[in-house]
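Worksheet: one structure, shown below.
The values are calculated or read from the model by the stated rules, or taken from the named source; none is laboratory data. Small disclaimer: the values here were computed from a predicted structure and weren't measured. All Cβ positions, even for glycine, are placed from backbone atoms using ideal geometry, and neighbour counts span all protein chains on display. Note: areas computed on protein heavy atoms with side chains; ligands, DNA, RNA excluded. Shrake-Rupley method; radii C 1.70, N 1.55, O 1.52, S 1.80 Å.
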Amino acid sequence: MARVVIIGAGIVGLSVARAALKRGHDVHLLEQGEVPNPHSASYDRHRMIRYHYGAALGYTRMVAPAFEAWSRVWEDIGSEEFEDTGAISISLEAGDYAAKTLEAFREIGIRHEVLDRNGVERLCPHLQLPEGAWGVTASPGGPLFAGRIVTGLARWVTEHGAVVEGGCRIARVDQERGVAVRADGSAVEGDMLVIAAGAWLPALMPQHYGEAATWRQGLCYIEPPARFTQSWRDAPAIVTLGDHAGYTLPDRRGAGLKFGHGPHRRRARPEVDGFGSDLAAEGEAILAPFRPYLRDAEAYRPTRIQVGYYVLDPSRRFRLDKAGRGLVVTNCDGQMFKFGPLLGERIMAMFDGAESASDLARWAAGY
(Lines give C-alpha, C1' and ligand atoms only; values in the text may rest on other atoms or scores of the structure.)
Protein backbone atom coordinates (compact mmCIF):
# COMPACT_ATOMS: atom_id res chain seq x y z
CA MET A 1 0.00 0.00 0.00
CA ALA A 2 1.26 3.45 -0.95
CA ARG A 3 0.18 7.00 -0.28
CA VAL A 4 -1.02 8.90 -3.35
CA VAL A 5 -1.30 12.69 -3.07
CA ILE A 6 -3.28 14.48 -5.76
CA ILE A 7 -3.48 18.20 -6.47
CA GLY A 8 -6.71 19.11 -8.24
CA ALA A 9 -10.18 17.57 -7.93
CA GLY A 10 -11.27 17.82 -11.56
CA ILE A 11 -11.96 14.78 -13.69
CA VAL A 12 -8.29 13.74 -13.77
CA GLY A 13 -7.67 14.15 -10.05
CA LEU A 14 -10.89 12.39 -9.07
CA SER A 15 -10.25 9.59 -11.56
CA VAL A 16 -6.74 9.01 -10.26
CA ALA A 17 -8.12 9.00 -6.70
CA ARG A 18 -10.76 6.41 -7.63
CA ALA A 19 -8.22 4.19 -9.41
CA ALA A 20 -5.76 4.44 -6.50
CA LEU A 21 -8.42 3.49 -3.95
CA LYS A 22 -9.51 0.51 -6.04
CA ARG A 23 -5.89 -0.67 -6.01
CA GLY A 24 -5.73 -0.43 -2.22
CA HIS A 25 -3.71 2.76 -1.86
CA ASP A 26 -4.25 5.63 0.57
CA VAL A 27 -5.38 8.85 -1.12
CA HIS A 28 -5.06 12.48 -0.06
CA LEU A 29 -6.80 14.84 -2.51
CA LEU A 30 -6.06 18.58 -2.33
CA GLU A 31 -8.29 21.15 -4.05
CA GLN A 32 -8.10 24.94 -3.86
CA GLY A 33 -11.87 25.39 -4.19
CA GLU A 34 -14.95 23.39 -3.34
CA VAL A 35 -15.05 19.68 -4.20
CA PRO A 36 -16.20 19.51 -6.89
CA ASN A 37 -15.10 22.98 -7.92
CA PRO A 38 -17.71 24.81 -10.06
CA HIS A 39 -14.91 26.85 -11.63
CA SER A 40 -12.91 23.83 -12.77
CA ALA A 41 -12.87 22.94 -16.46
CA SER A 42 -14.52 19.64 -15.54
CA TYR A 43 -17.63 21.21 -14.07
CA ASP A 44 -20.37 21.88 -16.62
CA ARG A 45 -23.82 20.50 -17.35
CA HIS A 46 -22.53 18.24 -20.09
CA ARG A 47 -19.42 17.46 -22.11
CA MET A 48 -19.07 15.42 -25.31
CA ILE A 49 -17.68 11.96 -25.98
CA ARG A 50 -17.43 10.80 -29.56
CA TYR A 51 -15.31 8.72 -31.93
CA HIS A 52 -14.85 11.59 -34.38
CA TYR A 53 -11.28 12.88 -34.11
CA GLY A 54 -10.33 13.91 -37.63
CA ALA A 55 -6.95 12.48 -38.61
CA ALA A 56 -5.91 11.84 -34.97
CA LEU A 57 -5.89 8.05 -35.15
CA GLY A 58 -4.42 7.58 -31.69
CA TYR A 59 -7.24 9.43 -29.98
CA THR A 60 -9.85 7.74 -32.17
CA ARG A 61 -8.52 4.38 -30.97
CA MET A 62 -8.67 5.54 -27.33
CA VAL A 63 -12.43 6.17 -27.40
CA ALA A 64 -13.56 2.51 -27.19
CA PRO A 65 -11.47 1.83 -24.04
CA ALA A 66 -12.69 5.17 -22.68
CA PHE A 67 -16.29 3.92 -22.96
CA GLU A 68 -15.27 0.74 -21.13
CA ALA A 69 -13.75 2.82 -18.34
CA TRP A 70 -16.94 4.90 -18.11
CA SER A 71 -18.94 1.69 -17.71
CA ARG A 72 -16.86 0.87 -14.64
CA VAL A 73 -17.50 4.38 -13.28
CA TRP A 74 -21.28 3.95 -13.70
CA GLU A 75 -21.08 0.75 -11.65
CA ASP A 76 -19.23 2.54 -8.89
CA ILE A 77 -21.30 5.73 -8.65
CA GLY A 78 -24.61 3.91 -9.19
CA SER A 79 -25.91 5.84 -12.21
CA GLU A 80 -25.14 6.10 -15.92
CA GLU A 81 -24.47 9.77 -16.57
CA PHE A 82 -24.37 9.48 -20.36
CA GLU A 83 -26.89 9.42 -23.19
CA ASP A 84 -26.14 7.90 -26.55
CA THR A 85 -27.50 10.49 -28.95
CA GLY A 86 -24.92 9.59 -31.55
CA ALA A 87 -22.54 12.17 -33.00
CA ILE A 88 -22.06 13.70 -36.43
CA SER A 89 -19.36 15.63 -38.25
CA ILE A 90 -20.67 17.68 -41.16
CA SER A 91 -18.47 18.26 -44.20
CA LEU A 92 -18.70 21.54 -46.10
CA GLU A 93 -15.62 21.21 -48.30
CA ALA A 94 -13.12 18.63 -49.51
CA GLY A 95 -10.54 17.49 -46.98
CA ASP A 96 -12.17 19.03 -43.92
CA TYR A 97 -12.54 17.49 -40.46
CA ALA A 98 -15.43 15.20 -41.44
CA ALA A 99 -13.51 13.93 -44.47
CA LYS A 100 -10.47 13.16 -42.31
CA THR A 101 -12.71 11.48 -39.74
CA LEU A 102 -14.25 9.27 -42.42
CA GLU A 103 -10.79 8.18 -43.57
CA ALA A 104 -9.85 7.38 -39.97
CA PHE A 105 -13.06 5.40 -39.42
CA ARG A 106 -12.40 3.33 -42.53
CA GLU A 107 -8.77 2.70 -41.58
CA ILE A 108 -9.52 1.69 -37.99
CA GLY A 109 -12.83 -0.06 -38.66
CA ILE A 110 -15.20 2.22 -36.70
CA ARG A 111 -18.84 1.56 -37.58
CA HIS A 112 -20.39 4.64 -39.14
CA GLU A 113 -22.92 5.95 -41.61
CA VAL A 114 -22.41 8.53 -44.34
CA LEU A 115 -25.37 10.82 -45.09
CA ASP A 116 -25.80 13.17 -48.02
CA ARG A 117 -27.08 16.71 -47.46
CA ASN A 118 -30.72 15.64 -47.53
CA GLY A 119 -30.00 12.86 -45.05
CA VAL A 120 -28.30 15.25 -42.66
CA GLU A 121 -31.19 17.71 -42.88
CA ARG A 122 -33.70 14.94 -42.22
CA LEU A 123 -31.71 13.99 -39.14
CA CYS A 124 -31.26 17.64 -38.16
CA PRO A 125 -34.23 19.59 -39.60
CA HIS A 126 -33.08 22.75 -37.83
CA LEU A 127 -30.09 22.93 -40.20
CA GLN A 128 -29.90 24.32 -43.72
CA LEU A 129 -26.78 23.18 -45.54
CA PRO A 130 -25.18 24.14 -48.86
CA GLU A 131 -25.06 21.90 -51.91
CA GLY A 132 -22.44 19.20 -51.55
CA ALA A 133 -22.58 19.06 -47.75
CA TRP A 134 -22.63 15.62 -46.16
CA GLY A 135 -22.17 14.06 -42.75
CA VAL A 136 -20.64 11.05 -41.03
CA THR A 137 -22.35 9.65 -37.94
CA ALA A 138 -21.21 7.13 -35.35
CA SER A 139 -22.48 5.71 -32.09
CA PRO A 140 -22.11 5.58 -29.20
CA GLY A 141 -21.54 9.27 -28.70
CA GLY A 142 -23.18 12.22 -27.03
CA PRO A 143 -23.35 14.03 -23.69
CA LEU A 144 -21.53 13.04 -20.53
CA PHE A 145 -23.28 14.87 -17.69
CA ALA A 146 -20.13 16.38 -16.27
CA GLY A 147 -21.37 18.12 -13.14
CA ARG A 148 -23.21 14.99 -12.00
CA ILE A 149 -20.17 12.85 -12.77
CA VAL A 150 -17.65 14.84 -10.75
CA THR A 151 -20.15 15.13 -7.90
CA GLY A 152 -20.66 11.36 -7.97
CA LEU A 153 -16.94 10.67 -8.09
CA ALA A 154 -16.24 13.08 -5.22
CA ARG A 155 -18.83 11.30 -3.13
CA TRP A 156 -17.47 7.85 -4.06
CA VAL A 157 -13.82 8.61 -3.22
CA THR A 158 -14.85 10.18 0.09
CA GLU A 159 -17.00 7.19 1.01
CA HIS A 160 -14.13 4.85 0.14
CA GLY A 161 -11.61 6.46 2.43
CA ALA A 162 -9.91 9.29 0.57
CA VAL A 163 -8.91 12.34 2.58
CA VAL A 164 -10.49 15.16 0.55
CA GLU A 165 -9.23 18.61 1.50
CA GLY A 166 -11.17 21.42 -0.15
CA GLY A 167 -10.28 25.10 0.18
CA CYS A 168 -6.62 24.14 0.27
CA ARG A 169 -4.24 26.46 -1.57
CA ILE A 170 -0.92 24.86 -2.49
CA ALA A 171 1.97 27.32 -2.45
CA ARG A 172 4.59 25.11 -4.07
CA VAL A 173 5.45 21.54 -4.93
CA ASP A 174 8.58 19.42 -4.92
CA GLN A 175 7.87 17.07 -7.80
CA GLU A 176 10.98 14.95 -7.26
CA ARG A 177 10.24 14.26 -3.60
CA GLY A 178 6.44 14.06 -3.99
CA VAL A 179 5.74 16.95 -1.60
CA ALA A 180 2.95 19.53 -1.75
CA VAL A 181 3.37 22.55 0.53
CA ARG A 182 0.23 24.39 1.65
CA ALA A 183 0.01 28.17 1.89
CA ASP A 184 0.40 27.93 5.68
CA GLY A 185 3.73 26.12 5.26
CA SER A 186 2.53 22.64 6.22
CA ALA A 187 3.37 19.83 3.81
CA VAL A 188 1.82 16.64 2.50
CA GLU A 189 4.15 13.96 1.15
CA GLY A 190 3.24 11.00 -1.00
CA ASP A 191 4.87 7.96 -2.53
CA MET A 192 3.27 9.37 -5.66
CA LEU A 193 2.26 12.99 -6.29
CA VAL A 194 -0.13 13.65 -9.17
CA ILE A 195 -0.42 17.30 -10.17
CA ALA A 196 -3.65 17.83 -12.11
CA ALA A 197 -4.07 21.56 -11.54
CA GLY A 198 -5.44 22.43 -14.97
CA ALA A 199 -5.10 26.09 -15.95
CA TRP A 200 -3.68 26.92 -12.49
CA LEU A 201 -0.52 24.91 -13.24
CA PRO A 202 1.57 27.87 -14.55
CA ALA A 203 0.99 29.77 -11.30
CA LEU A 204 1.67 26.68 -9.18
CA MET A 205 4.89 25.63 -10.96
CA PRO A 206 6.14 28.80 -12.67
CA GLN A 207 9.71 27.57 -12.96
CA HIS A 208 8.64 24.74 -15.27
CA TYR A 209 5.26 25.80 -16.68
CA GLY A 210 5.12 29.56 -16.28
CA GLU A 211 5.10 30.06 -20.05
CA ALA A 212 2.42 27.43 -20.74
CA ALA A 213 -0.41 28.86 -22.83
CA THR A 214 -3.66 29.08 -20.87
CA TRP A 215 -6.87 29.85 -22.68
CA ARG A 216 -10.31 31.07 -21.70
CA GLN A 217 -13.16 29.31 -23.49
CA GLY A 218 -16.77 30.46 -23.38
CA LEU A 219 -19.56 28.01 -24.18
CA CYS A 220 -23.06 29.29 -24.86
CA TYR A 221 -26.34 27.76 -23.74
CA ILE A 222 -29.06 28.55 -26.27
CA GLU A 223 -32.83 28.67 -26.40
CA PRO A 224 -33.74 27.60 -29.96
CA PRO A 225 -36.91 28.56 -31.86
CA ALA A 226 -39.91 26.74 -30.36
CA ARG A 227 -40.54 24.74 -33.53
CA PHE A 228 -37.03 23.27 -33.33
CA THR A 229 -36.80 22.58 -29.60
CA GLN A 230 -37.61 18.89 -30.01
CA SER A 231 -35.56 18.36 -33.16
CA TRP A 232 -32.46 19.68 -31.37
CA ARG A 233 -33.24 17.41 -28.43
CA ASP A 234 -33.54 14.40 -30.73
CA ALA A 235 -30.51 15.24 -32.89
CA PRO A 236 -27.00 13.87 -32.54
CA ALA A 237 -24.24 15.95 -31.04
CA ILE A 238 -22.47 17.95 -33.73
CA VAL A 239 -18.71 17.43 -33.46
CA THR A 240 -17.78 19.81 -36.27
CA LEU A 241 -19.58 21.89 -38.84
CA GLY A 242 -17.04 22.16 -41.62
CA ASP A 243 -13.66 23.30 -40.41
CA HIS A 244 -14.83 26.27 -38.34
CA ALA A 245 -14.69 24.12 -35.18
CA GLY A 246 -18.32 24.66 -34.19
CA TYR A 247 -19.92 21.99 -32.02
CA THR A 248 -23.22 21.42 -30.20
CA LEU A 249 -24.62 19.21 -27.47
CA PRO A 250 -28.34 18.42 -27.29
CA ASP A 251 -30.62 19.26 -24.40
CA ARG A 252 -30.92 15.97 -22.55
CA ARG A 253 -31.90 15.55 -18.87
CA GLY A 254 -32.50 19.28 -18.66
CA ALA A 255 -28.88 20.12 -19.40
CA GLY A 256 -29.76 22.64 -22.13
CA LEU A 257 -28.70 23.09 -25.74
CA LYS A 258 -25.04 24.12 -25.82
CA PHE A 259 -23.02 25.68 -28.63
CA GLY A 260 -19.26 26.00 -28.70
CA HIS A 261 -16.85 27.54 -31.18
CA GLY A 262 -13.18 26.67 -30.78
CA PRO A 263 -11.72 29.86 -32.31
CA HIS A 264 -13.68 31.90 -29.76
CA ARG A 265 -11.04 31.05 -27.13
CA ARG A 266 -8.54 33.69 -26.07
CA ARG A 267 -5.34 33.75 -24.02
CA ALA A 268 -6.11 34.41 -20.36
CA ARG A 269 -5.48 33.10 -16.86
CA PRO A 270 -8.21 32.23 -14.37
CA GLU A 271 -6.50 33.83 -11.39
CA VAL A 272 -6.22 37.11 -13.32
CA ASP A 273 -9.21 37.26 -15.67
CA GLY A 274 -11.89 35.51 -13.62
CA PHE A 275 -15.12 33.89 -14.74
CA GLY A 276 -17.39 36.77 -15.71
CA SER A 277 -18.88 37.20 -19.18
CA ASP A 278 -20.97 39.55 -21.30
CA LEU A 279 -23.89 37.33 -22.32
CA ALA A 280 -25.05 39.43 -25.26
CA ALA A 281 -21.64 40.05 -26.82
CA GLU A 282 -20.14 36.65 -26.11
CA GLY A 283 -23.31 34.79 -27.03
CA GLU A 284 -23.41 36.51 -30.40
CA ALA A 285 -19.72 35.81 -31.03
CA ILE A 286 -20.33 32.09 -30.47
CA LEU A 287 -23.59 31.97 -32.43
CA ALA A 288 -22.42 33.99 -35.44
CA PRO A 289 -20.46 31.19 -37.18
CA PHE A 290 -23.51 28.90 -36.94
CA ARG A 291 -26.10 31.36 -38.27
CA PRO A 292 -25.59 30.61 -42.00
CA TYR A 293 -26.51 26.96 -41.28
CA LEU A 294 -29.49 27.48 -38.95
CA ARG A 295 -33.11 27.74 -40.02
CA ASP A 296 -34.78 30.73 -38.31
CA ALA A 297 -31.31 31.80 -37.30
CA GLU A 298 -32.39 35.12 -35.78
CA ALA A 299 -34.72 33.38 -33.32
CA TYR A 300 -31.93 31.71 -31.33
CA ARG A 301 -31.43 33.32 -27.92
CA PRO A 302 -28.32 32.94 -25.72
CA THR A 303 -29.23 32.25 -22.09
CA ARG A 304 -25.96 31.55 -20.28
CA ILE A 305 -22.19 31.49 -20.81
CA GLN A 306 -20.11 28.75 -19.21
CA VAL A 307 -16.50 29.88 -18.79
CA GLY A 308 -13.65 27.39 -18.53
CA TYR A 309 -9.86 27.59 -18.73
CA TYR A 310 -7.42 25.14 -20.28
CA VAL A 311 -3.74 24.68 -20.95
CA LEU A 312 -3.33 24.16 -24.68
CA ASP A 313 -0.41 24.24 -27.10
CA PRO A 314 -0.47 23.80 -30.89
CA SER A 315 0.17 20.06 -30.65
CA ARG A 316 -3.16 19.51 -28.87
CA ARG A 317 -1.68 16.37 -27.33
CA PHE A 318 -2.07 15.45 -23.67
CA ARG A 319 1.20 15.72 -21.77
CA LEU A 320 2.38 13.62 -18.83
CA ASP A 321 5.67 14.74 -17.24
CA LYS A 322 7.20 12.32 -14.74
CA ALA A 323 10.04 13.35 -12.45
CA GLY A 324 10.94 11.45 -9.29
CA ARG A 325 7.75 10.74 -7.36
CA GLY A 326 5.75 13.39 -9.19
CA LEU A 327 3.61 13.22 -12.32
CA VAL A 328 2.24 16.37 -13.97
CA VAL A 329 -0.84 16.00 -16.19
CA THR A 330 -1.25 18.96 -18.52
CA ASN A 331 -2.08 20.26 -22.01
CA CYS A 332 -5.52 18.77 -21.55
CA ASP A 333 -7.46 21.28 -23.70
CA GLY A 334 -11.21 20.70 -23.47
CA GLN A 335 -10.70 17.15 -24.70
CA MET A 336 -9.61 15.44 -21.50
CA PHE A 337 -12.97 14.94 -19.83
CA LYS A 338 -13.99 11.97 -21.98
CA PHE A 339 -10.70 10.20 -21.23
CA GLY A 340 -10.49 11.03 -17.50
CA PRO A 341 -11.41 7.65 -15.97
CA LEU A 342 -9.31 5.75 -18.51
CA LEU A 343 -6.30 7.97 -17.85
CA GLY A 344 -6.75 7.60 -14.08
CA GLU A 345 -6.71 3.82 -14.39
CA ARG A 346 -3.66 3.89 -16.67
CA ILE A 347 -1.74 6.25 -14.37
CA MET A 348 -2.23 3.99 -11.37
CA ALA A 349 -1.40 0.89 -13.41
CA MET A 350 1.87 2.62 -14.38
CA PHE A 351 2.56 3.44 -10.73
CA ASP A 352 2.07 -0.23 -9.84
CA GLY A 353 4.53 -1.32 -12.54
CA ALA A 354 2.29 -2.33 -15.45
CA GLU A 355 4.07 -0.01 -17.92
CA SER A 356 6.76 2.64 -18.04
CA ALA A 357 6.10 6.33 -17.58
CA SER A 358 7.50 7.01 -21.06
CA ASP A 359 5.14 4.49 -22.68
CA LEU A 360 2.19 5.96 -20.80
CA ALA A 361 3.15 9.48 -21.89
CA ARG A 362 3.40 8.37 -25.50
CA TRP A 363 -0.02 6.71 -25.33
CA ALA A 364 -1.59 9.77 -23.71
CA ALA A 365 -0.14 11.94 -26.47
CA GLY A 366 -2.02 9.86 -29.02
CA TYR A 367 0.95 8.14 -30.65
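Only residues that are of a type outside the set (D, E, K, R), out of contact with any helix residue (DSSP H, G or I) (no Cβ under 7 Å at 6 or more places or on another chain), in a loop (DSSP other than H, G, I, E, B) and open to solvent by 20 Å² or more (accessible area, probe 1.4 Å) were counted in segment 245-260, giving 1. Close contacts from segment 211-231, counting a first residue that is farther than 12 Å from Ala297 by Cα and a second that is in a helix (DSSP H, G or I) and among the β-branched types (Val, Ile, Thr), with Cβ to Cβ under 8 Å and a gap of 6+ residues or different chains, come to Gly218/Ile286; Leu219/Ile286; Cys220/Ile286. Within segment 70-92, residues that are on the phi < 0 side of the Ramachandran plot sit with their Cβ atoms under 6 Å from residues that are of a type in the set (S, T, N, Q) and open to solvent by 30 Å² or more (accessible area, probe 1.4 Å), at 6+ positions apart or across chains, in these pairs: Asp84/Ser139.
Any idea how many residues of segment 214-241 are open to solvent by 20 Å² or more (accessible area, probe 1.4 Å) and within 17 Å of the chain's Cα centre (by Cα)? Count: 1. Consider segment 147-165 and keep the residues that are within 22 Å of the chain's Cα centre (by Cα) and open to solvent by less than 50 Å² (accessible area, probe 1.4 Å). The one that is farthest from Gly24 (Cα to Cα) is Gly147.
Residue-wise test of (1) assigned to a loop (DSSP other than H, G, I, E, B); (2) touching a strand residue (DSSP E or B) at 6+ places or on another chain (Cβ under 9 Å); (3) not aromatic (Phe, Trp, Tyr).
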site	(1), (2), (3)
Tyr59	no, no, no
Ala64	no, no, yes
Ser71	no, no, yes
Ala94	yes, no, yes
Ile110	yes, yes, yes
Asn118	no, no, yes
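Taking segment 80-105 as the range and being within 21 Å of the chain's Cα centre (by Cα) and open to solvent by 40 Å² or more (accessible area, probe 1.4 Å) as the test, the residues that pass are Glu80, Glu83, Asp84, Tyr97. Scanning segment 204-213 for residues that are assigned to a helix (DSSP H, G or I) and buried (at least 17 other Cβ atoms within 10 Å of the Cβ) returns Leu204, Tyr209. Counting only strands (runs of 3 or more DSSP E) that sit completely within segment 264-367, those holding 1 or more residues that are touching a Phe, Trp or Tyr at 6+ places or on another chain (Cβ under 6 Å) and open to solvent by less than 40 Å² (accessible area, probe 1.4 Å) correspond to 301-311.
If you go through segment 25-76 and pick out every residue that is over 17 Å from Leu153 (Cα atoms), open to solvent by 20 Å² or more (accessible area, probe 1.4 Å) and among the small types (Gly, Ala, Ser), you end up with 3. Residues in segment 174-195 that are in contact with a strand residue (DSSP E or B) (Cβ under 9 Å, 6 or more places away or on another chain) and either open to solvent by 20 Å² or more (accessible area, probe 1.4 Å) or over 28 Å from Asp352 (Cα atoms) (or both): Asp174, Gln175, Glu176, Arg177, Arg182, Ala183, Asp184, Gly185, Ala187, Glu189, Asp191.
Those residues that are closer than 24 Å to Pro225 by Cβ, touching a Leu at 6+ places or on another chain (Cβ under 8 Å) and buried (at least 17 other Cβ atoms within 10 Å of the Cβ), I need them from segment 121-136; list them, please. Residues satisfying the conditions are Glu121, Leu123, His126, Leu127, Leu129, Ala133, Gly135.
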